[in-house]
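Undergrad: Below: one structure in structure tokens.
The values are calculated or read from the model by the stated rules, or taken from the named source; none is laboratory data. Not measured: the values here are computed from a predicted model. Heads up, the Cβs are rebuilt from the backbone with ideal geometry, glycines too, and the neighbour counts pull from every protein chain shown.
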Amino acid sequence: MKSLNAQLAAFKMSVFERADKDTARVLRELEAEYRADAAKAKSLTVGDRAPDFTLDGADGERHQLANYAAQGPVFVLFFKGGWCPYSTLTLRAWEDIAPAIRRAGGSILAVSPQKISRAALVQENNGVSFPILGDSCNKVGDAFGIVSNVKPMSRDLLTKLGCDLTDENCSGDLRLPHAAEFLVDGEGIIRFAHVAPVHFERTEPRDALAALLSLRAKAMAHA
């Protein structure tokens, strides 16, 4: 099976192969702008305390980070929404490794600014077993320091492709989170952090599992 990033790279290549010259130019310009934005961002990192949050899930339940962390380490994944193919590829890849993460005592929470009604479809269509949560107005994303404004060119391109963020996102927010993964331990401290400027560069789930197993081994050594 291809790695997640190999799948994301292949999809990106297919997009450029299908795009006309103007669209390809816009995509390249947008990537450069988002990389510049990410370089200036002040996101949380290893050693920082993760902000606790409680969000509505696609399953109709309320989910609190602290409750999950009390039972074991938690991966908090941020993604754009089910309308983004890079996001759905990422969710599927994490679903593949979710059983191993649970066996290692961990859990996964996926966070998106997309409306809960949309999130329920994302969960069902992609066979995701872990909670998908709706981050209204990107409040949690802001607390983690990973949200940026959608560029006008990006919004125009999404509209051209039939995606209206004012309809997709909670409260019509025109901002999106960067691709990000955080591992939060039982004390609420971030032990692994990866924030990428673009959504075709993600933590490999197998590397995330390795980080979890390493954290677990250290905890057992000090028990």
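Undergrad: Among the candidates 80, 2, which residue alone is assigned to a loop (DSSP other than H, G, I, E, B) and either aliphatic (A, V, I, L, M) or within 19 Å of residue 140 (Cα to Cα) (or both)?
TA: 80 is the lone residue from the list that is assigned to a loop (DSSP other than H, G, I, E, B) and either aliphatic (A, V, I, L, M) or within 19 Å of residue 140 (Cα to Cα) (or both).
Undergrad: Could you give every pair whose Cβ atoms fall below 8 Å, whose first residue belongs to the range 206-223 and is modelled with pLDDT of 95 or more, and whose second residue is polar (S, T, N, Q), counting only separations of at least 6 or pairs across chains?
TA: 206/3
Undergrad: Going through the range 177-209 one residue at a time, which ones are in contact with a strand residue (DSSP E or B) (Cβ under 6 Å, 6 or more places away or on another chain) and aromatic (Phe, Trp, Tyr)?
TA: Correct list: 182, 192.
Undergrad: While we're here: Filtering the range 184-215 down to residues that are among the charged types (D, E, K, R) and either farther than 19 Å from residue 77 by Cβ or part of a strand (DSSP E or B) (or both), which residue is farthest from the chain's Cα centre (by Cα)?
TA: 187
Undergrad: Among the listed residues 87, 154, which satisfies the condition of being in contact with a strand residue (DSSP E or B) (Cβ under 9 Å, 6 or more places away or on another chain) and surrounded by fewer than 21 Cβ atoms within 10 Å (Cβ to Cβ)?
TA: 154
Undergrad: Taking the stated definitions as given, is residue 95 out of contact with any Cys (no Cβ under 9 Å at 6 or more places or on another chain), at pLDDT below 95 and part of a helix (DSSP H, G or I)?
TA: The answer is no for residue 95.
Undergrad: Of 107, 112, which residue is modelled with pLDDT of 90 or more, more than 14 Å from the chain's Cα centre (by Cα) and within 23 Å of residue 188 (Cβ to Cβ)?
TA: 107
Undergrad: Quick check on the range 129-154: of everything there that is among the hydrophobic types (A, V, I, L, M, F, W, C) and outside any strand (DSSP E or B), which residue is modelled with the lowest pLDDT?
TA: The selected residue is 153.
Undergrad: Restricting to the range 14-55, give me the number of residues that are exposed (fewer than 14 other Cβ atoms within 10 Å of the Cβ), more than 21 Å from the chain's Cα centre (by Cα) and not in a loop (DSSP other than H, G, I, E, B).
TA: 9
Undergrad: Spot the failing condition for residue 112; the list is (1) farther than 13 Å from residue 178 by Cα; (2) in contact with a helix residue (DSSP H, G or I) (Cβ under 9 Å, 6 or more places away or on another chain); (3) among the hydroxyl-bearing types (Ser, Thr, Tyr), and only one is missed.
TA: The one condition residue 112 does not meet is (1).
Undergrad: Let me confirm something: among 66, 119, which residue is assigned to a helix (DSSP H, G or I), among the small types (Gly, Ala, Ser), surrounded by fewer than 22 Cβ atoms within 10 Å (Cβ to Cβ) and touching a residue at least 60 places away in the same chain (Cβ under 8 Å)?
TA: 66 is the lone residue from the list that is assigned to a helix (DSSP H, G or I), among the small types (Gly, Ala, Ser), surrounded by fewer than 22 Cβ atoms within 10 Å (Cβ to Cβ) and touching a residue at least 60 places away in the same chain (Cβ under 8 Å).
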